[in-house]
1. Answer yes or no as to whether Ala177 is within 30 Å of Phe86 (Cα to Cα), over 25 Å from the mean Cα position of the chain (by Cα) and among the small types (Gly, Ala, Ser).
2. Please verify whether segment 94-103 includes one or more residues that are at negative phi, in contact with a Leu (Cβ under 9 Å, 6 or more places away or on another chain) and open to solvent by less than 70 Å² (accessible area, probe 1.4 Å).
3. Where in segment 1-76 are the strands (runs of 3 or more DSSP E), entirely inside, with at least 3 residues that are of a type in the set (D, E, K, R) and either within 26 Å of Met188 (Cα to Cα) or touching a Ser or Thr at 6+ places or on another chain (Cβ under 8 Å) (or both)?
4. Looking for whichever is buried (at least 20 other Cβ atoms within 10 Å of the Cβ), touching a Pro at 6+ places or on another chain (Cβ under 7 Å) and at pLDDT below 95 here; the options are Ala234, Ala247. Which one fits?
5. Taking segment 56-93 as the region of interest, how many residues are aliphatic (A, V, I, L, M) and open to solvent by 50 Å² or more (accessible area, probe 1.4 Å)?
6. Ile33 passes all but one of (1) modelled with pLDDT of 95 or more; (2) surrounded by fewer than 21 Cβ atoms within 10 Å (Cβ to Cβ); which number fails?
7. Mind checking which residues of segment 207-243 are in contact with a helix residue (DSSP H, G or I) (Cβ under 8 Å, 6 or more places away or on another chain) and of a type in the set (Phe, Trp, Tyr)?
8. Name every residue in segment 112-141 that is exposed (fewer than 11 other Cβ atoms within 10 Å of the Cβ) and touching a helix residue (DSSP H, G or I) at 6+ places or on another chain (Cβ under 8 Å), in order of residue number.
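The values are calculated or read from the model by the stated rules, or taken from the named source; none is laboratory data. If you're wondering where the values come from, they're calculated on a predicted model, not measured in any experiment. Ideal geometry is used to build each Cβ from the backbone, glycine not excepted, and the neighbour counts take in all protein chains shown. When the accessible area is computed, the model is the full protein with side chains, heavy atoms only, and any ligands, DNA or RNA have been set aside. Shrake-Rupley method; radii C 1.70, N 1.55, O 1.52, S 1.80 Å.
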Amino acid sequence: MEGVSYARMPRVKIRELKDDYAKFELRDTDASIANALRRVMIAEVPTIAIDLVEIEVNSSVLNDEFIAHRLGLIPLTSERAMSMRFSRDCDACDGDGQCEFCSVEFHLRVKCMTDQTLDVSSKDLYSSDHSVVPVDFSDPSNHESSDNRGIIIVKLRRGQELRLRAIARKGIGKDHAKWSPAATVTFMYEPEIHINEDLMETLTLEEKREWVDSSPTRVFEIDPVTQQVMVVDAEAYTYDDEVLKKAEAMGKPGLVEIIARQDSFIFTVESTGAIKASQLVLNAIEILKQKLDAVRLSEDTVEADDQFGELGAHMRGG
């Protein structure tokens, strides 16, 4: 229909926010946008990870390839990843991927000189850029904690040595999981639960308890004073349909109505620590906007071709 706009203005409401965790509501949009945002967060938000390892000395029990793989999976602080160049697109080093604009250099030199086993960890990696370092998961308030040692790479015995040089580059999770900034990203349809109070009153207290207990999660509860069934946590519902099946088995279909709202979603985002969860969401939205702009531009190009034919293609250099 001409003159009708189907444009929507999605709204975001933050529920919980930590450095490595975010929970928020996405409303007034549909599942295609919600899933696109989820996939971009997992696979297209860039981070920095070790991509090239040159081992000089390795007398540990692990072979070179194993150590290189472990180094690649260590999350690195990646706040500047969005402004870095991809090594394949860097004109400063002709795509070699070893210049200050597209890479960060790390060195590791460790040798065990005592009879006690030496733990080689991410804290032994020395970076050429102080803004790109291994993520520190330790609790700063607990100085005695063993977690302060970082992520273990290998263990050395007396006389064993490890010396290497590593190059970290910008990348995305679509190319390799080591570049994914998200540990997990999930969303669920926001449920609307309506109890048929008249039908519920026909149940005995024991039947109400049986029905409430049929839910694997704590969605419903019986008020100890009024003995009425009430919804205590609608979002705990996992769309398992157990309460609906129980109601039918009791001969009370329609006891409860559960609707999945098609325009409201609850997101849970956990970051690997490479970037903060809040920045992960913002970067994903920015990348999604860029992709939509590219689609809009391609549509304009098709319309121009329809209007101008070969002349339009010639003006674009086609």
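1. no
2. For segment 94-103, residues at negative phi, in contact with a Leu (Cβ under 9 Å, 6 or more places away or on another chain) and open to solvent by less than 70 Å² (accessible area, probe 1.4 Å): present.
3. Strands (runs of 3 or more DSSP E) meeting the threshold: 11-17, 21-27.
4. The conditions single out Ala247.
5. Residues flagged as aliphatic (A, V, I, L, M) and open to solvent by 50 Å² or more (accessible area, probe 1.4 Å) within segment 56-93 amount to 4.
6. It fails just one condition, (1).
7. Trp211, Phe220
8. Correct list: Asp139 only.
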